[in-house]
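In what follows, a single structure is set out as structure tokens and then discussed.
The values are calculated or read from the model by the stated rules, or taken from the named source; none is laboratory data. Keep in mind the model is a prediction, meaning the values are calculated, not measured. Note that each Cβ is placed from the backbone with ideal geometry, even for glycine, and that neighbours are counted across all protein chains shown. Only protein heavy atoms, including side chains, enter the accessible area calculation; ligands, DNA and RNA are left aside. Shrake-Rupley method; radii C 1.70, N 1.55, O 1.52, S 1.80 Å.
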Amino acid sequence: MKQQKAQIIQLQPTEEQRVYFARASGIARLAFNWALDWWNEQYKLHKEEGAPRPNRVNTWKAWCAHKQACKDERPWLYEVSSDVPKWVIYESLPRAFANWWNPKTRQGPPNFKSKRTARRVFVGQDSCKPANFRHRGIRLAKLGWVRCRSQLRWPASQVRRVTVFEQAGKWYASILFEDPDYTPPVHENQAGAVGVDLGSRKLAVAYDGESFQQWENPKALDGALRRLRRWQRRAARRGVRDSKRRVLEVTRRLRKANSRIARLHKRVADIRRWHGHNVSNALTRDYAVVGTEDLNVKGMMRSAKGTVENPGKNVKAKSGLNRSVADAGMGELLRQIDYKAHWRGGERRQVGRFFPSSRTCSDCGYKHDGLQAREHWACPFCGVVHDRDENAAVNIYRETVGGSTPEPADFGPRTPVESMASAQGQLRLLE
């Protein structure tokens, strides 16, 4: 079976190579806009006059004819590799139409890309050979060798494509690897299993049947929020604007403020991704079965962002909860656990979306329907004080590995007054 992997490497281009990168990304944007316009015209003729339906092949032929016709007016189209517009017409534009037709993505029709807001990206090499790579270097078509900050993680013979893009003022290469003879390995610890509870307070709490592990949420956005607000206020005051505060001209100071904002956002994303890789790597390396919840992260953010009856402090609390859910990056962490477990011969099992992992007592099985959003809670049936995340991890472990949650007994609490009084005392000490 085939297996695809990717690696992102930061590039260290010279000033001449930066100019080529900017020109190539501009030509990719131009090719996308031209192909979209041609596609729309041909589809209209197809509907009205029965002309051939537009597809990738006739769009590419029309682009080549257009490129040849304007050779004297636009000679710079020949200064970049032919892989740049070919990737746009064969993959980027059809993917935009596929996202429009797919009801799950909920995206509108493809739009023309603006020079100011479009992402600077292009395919630097579509047909790669092992000779195009050396120690911390990549050779791109019509450009030559470009220095890199790291080496390839997998063999150069498996490289299929190199995509170059800019992020926060720096250039990166996304290298796609494809192993045609991949066989999933057998996990070293076949008997190992773990239940993991994800959350916004603690990023992950794991229980393997004997002990607990926990990873704190880095809260990268909270740490950068003060600087982000300051630079966003500065950006809102800069630039030439009209009476409605719309930008008419991007000045040097506005460009500097936007660059600082982009760098801060990239730092937040890097911190969140780094912690996610640490957690997913530790879980998939030590355990063959990783049990998690089927989280609806978008739904969690909508519920946290929902309307409240009492404005003021409650509105701030709701917005803060929404931001903390987004800042945890739980969806990305689940995605990393999925593919890393597959690489190592393990699997990820998940419980149902409505499984009451947090409000079920792991000692007696009582379901506490009136549980509030507290870090610790006392079971009204048996009086045991639970850590909310650890209790959820135990229940997920038992549900995914094959164990069973204990059922509540037919009798009531052993000593209701004494057990609940001691439980309330423990809660006061913990809080």
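Annotations
- Strands (runs of 3 or more DSSP E) lying entirely in the stretch 172-263 (those with 3 or more residues that are in contact with a Phe, Trp or Tyr (Cβ under 8 Å, 6 or more places away or on another chain)): 193-198, 202-207
- Scanning the stretch 102-160 for residues that are in a loop (DSSP other than H, G, I, E, B), open to solvent by less than 60 Å² (accessible area, probe 1.4 Å), without any contact (Cβ under 8 Å) to a residue 60 or more places away in the chain and within 21 Å of Ser81 (Cα to Cα) yields Asp126, Cys128.
- The residues in the stretch 362-412 that are among the charged types (D, E, K, R), open to solvent by 30 Å² or more (accessible area, probe 1.4 Å) and modelled with pLDDT of 80 or more can be counted, and the count is 6.
- Within the stretch 24-55, the set of residues being part of a helix (DSSP H, G or I), of a type outside the set (S, T, N, Q) and surrounded by fewer than 15 Cβ atoms within 10 Å (Cβ to Cβ) comprises Asp37, Glu41, Tyr43, Lys44, Leu45, His46, Lys47, Glu48, Glu49.
- Residue ID - surrounded by the most Cβ atoms within 10 Å (Cβ to Cβ), chosen from residues in the stretch 1-23 that are hydrophobic (A, V, I, L, M, F, W, C) and outside any strand (DSSP E or B): Phe21
- Single residue of the stretch 74-101 satisfying the filter (over 19 Å from Pro54 (Cβ atoms) and polar (S, T, N, Q)) that is least open to solvent (accessible area, probe 1.4 Å): Ser81
- Condition met for Thr183 (open to solvent by 20 Å² or more (accessible area, probe 1.4 Å), among the hydroxyl-bearing types (Ser, Thr, Tyr) and under 20 Å from the mean Cα position of the chain (by Cα)): no
- Failed condition for Asp242, given (1) of a type in the set (Asp, Glu); (2) open to solvent by 60 Å² or more (accessible area, probe 1.4 Å); (3) farther than 30 Å from Val194 by Cβ: (2)
- Leu295 falls short on exactly one of the conditions (1) over 29 Å from Glu166 (Cα atoms); (2) part of a helix (DSSP H, G or I), and that condition is (2).
- Pairs, first closer than 15 Å to Val88 by Cβ and among the aliphatic types (A, V, I, L, M) in the stretch 161-176, second surrounded by fewer than 19 Cβ atoms within 10 Å (Cβ to Cβ) and at pLDDT 95 or above, C-beta under 8 Å, six or more apart: Val164/Tyr172; Val164/Ser174
- Selected residue (only one of Arg201, Arg149, Arg116, Arg136 is more than 27 Å from Leu93 (Cβ to Cβ) and either at pLDDT below 90 or β-branched (Val, Ile, Thr) (or both)): Arg201
- Scanning the stretch 60-73 for residues that are more than 26 Å from Leu143 (Cβ to Cβ) and surrounded by 13 or more Cβ atoms within 10 Å (Cβ to Cβ) yields a count of 1.
- Considering the stretch 318-340, the residues that are farther than 17 Å from Lys202 by Cβ and among the basic types (Lys, Arg) include one that is modelled with the lowest pLDDT, namely Lys318.
- Flag for Phe354 being among the hydrophobic types (A, V, I, L, M, F, W, C), open to solvent by 20 Å² or more (accessible area, probe 1.4 Å) and at pLDDT 80 or above: yes
- Screening the stretch 328-396 for strands (runs of 3 or more DSSP E) wholly inside it with 1 or more residues that are more than 19 Å from Glu210 (Cα to Cα) and in contact with a strand residue (DSSP E or B) (Cβ under 9 Å, 6 or more places away or on another chain) returns the ranges 347-351, 376-378.
- Pair list, Cβ < 8 Å and 6+ apart or interchain, from the stretch 254-274 residues that are within 9 Å of Ala220 (Cα to Cα) and open to solvent by 40 Å² or more (accessible area, probe 1.4 Å) to residues that are small (Gly, Ala, Ser) and not in a helix (DSSP H, G or I): Arg272/Gly329
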